[in-house]
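First the structure, in the form of structure tokens, and then the observations on it.
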Amino acid sequence: MSFRERSAWVMALLLIGVGAFYVKLVAVDGVPPSAAAVPFVLFTIVLSVVGQIALALSSPKEAVSPADERERIVIDKAGHFASFVLATGVVVGLGQFMIRADGSAMFHTVLTCLILSQAAEYGAQIFLLRRAV
Amino acid sequence: MARRFSCCAALSSMGKRPPITNRVRELREANGGISQAALGDAVGVTRQTIIAIEQGRYSPSLETSFRIARVFGAGLEDVFGWDGE
């Protein structure tokens, strides 16, 4: 498994984990947006940095190598795919606000779709790297 | 025919096997069994990309194709061929 794929696995699993944590805060604990977003962002940043450092220590040579031409295509295509997921969430969030005039609900919808789009991006990277492009 | 929705096309268009054949594996073995990783290092791609090229699942760029050919001291068409219509 290439370094790029391992990195994508780490980020995808991390986002699913912190995404579940965010959903628990909002849906189960009823935490307001401002209080839920701060721990979510902090967890995401800290765990991403720790995960990437651990990966880099396990493969120092690959970690400093730039993406090659095939990996760049994969990264571009996965980002393109993820943009549709994010756009869908934004449209749903705006529609939700127009109908219910609930800013908190819109915030949660957009942030959830941001998490989903990032997870989708890393998932698409894994799919395309395995498919070889 | 209806055009495929572009977000799905972004993922599916990459799975088509390109109509390009190559003799990379054969030339590697003929040139002292140079490893996939060593060839990748020599041309600036990962070992996984060399594997994908050898399996015919990825068509390298023109620049990488030339680099691969030069590693083997061969011409481009000695390494790559066209297998389409």
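Would you calculate, for chain A, the mean residue ellipticity at 222 nm contributed by helices, counting each DSSP H stretch of 4 or more residues as -39,500 (n - 2.57) and dividing by all residues, to the nearest 500?
Taken over chain A, the calculation gives -29500 deg cm²/dmol.
Just going by the charge dipole of segment B:19-82, with Lys and Arg at +1 and Asp and Glu at -1 on Cβ, which of B:ALA42, B:VAL71, B:ASN22 is farthest out on the positive end?
B:ALA42
Given 4 °C and 1.567 mPa s, how large is the Stokes-Einstein diffusion coefficient of the protein assembly as shown in µm²/s, with Rh as the Kirkwood radius over Cα pairs?
Once the numbers are plugged in, D ends up at 65 µm²/s.
What's the center-to-center distance, using Cα atoms, between segment A:40-112 and segment A:10-34 in Å?
For segment A:40-112 versus segment A:10-34, the Cα centre distance is 14 Å.
With point charges of +1 on the Cβ of Lys and Arg and -1 on the Cβ of Asp and Glu, referenced to the Cα centre of segment A:3-131, which listed residue (A:LEU42, A:VAL10, A:VAL91) lies farthest in the positive direction of the dipole?
A:VAL10
Taking the Cα centre of segment A:3-131 as origin, work out the dipole magnitude from +1 charges on Lys and Arg Cβ and -1 charges on Asp and Glu Cβ, in debye rounded to 20.
200 debye
Relative contact order for segment A:5-127 using alpha-carbon pairs under 8 Å, separation at least 6, rounded to a whole percent?
Relative contact order, segment A:5-127: 39 percent.
Less than 12 Å Cβ to Cβ from A:PRO39, Lys/Arg counted +1 and Asp/Glu -1: what total charge do the surrounding residues give?
0
Output needed for segment A:48-120: three equivalent-ellipsoid semi-axes, defined as square roots of 5 times the C-alpha gyration tensor eigenvalues, in descending order, whole Å.
They are 35, 16, 5 Å, listed from largest to smallest.
Take the Cα coordinates of segment B:19-82, assign each an equal point scatterer, and use the Debye formula without solvent to give log10 I(q)/I(0) at q = 0.19, 0.28 Å⁻¹.
-0.59, -1.48
Would you tally the net charge around B:ILE51, using a Cβ to Cβ cut-off of less than 10 Å, leaving B:ILE51 out, and scoring K and R as +1, D and E as -1?
+2
Let me know the Rg and Dmax you get for segment A:3-131 when you use only its Cα atoms, in Å.
Spelled out, the Cα radius of gyration and Dmax of segment A:3-131 are 16.4, 53 Å.
Charges at C-beta only: +1 for Lys and Arg, -1 for Asp and Glu. How large is the resulting dipole of segment B:19-82 about its Cα centre, in Debye rounded to 20?
I would put it at about 120 debye.
Grab the other residues whose beta carbon is less than 12 angstrom from that of A:LYS61, score K and R as +1, D and E as -1, and report the net.
-1
No value in this document is a laboratory result; all are computed from the given coordinates. For clarity, every value in this text was computed on a predicted model and none was experimentally measured. As a convention, Cβ positions derive from the backbone with ideal geometry for all residues, glycine included, and neighbour counts pool all protein chains shown.
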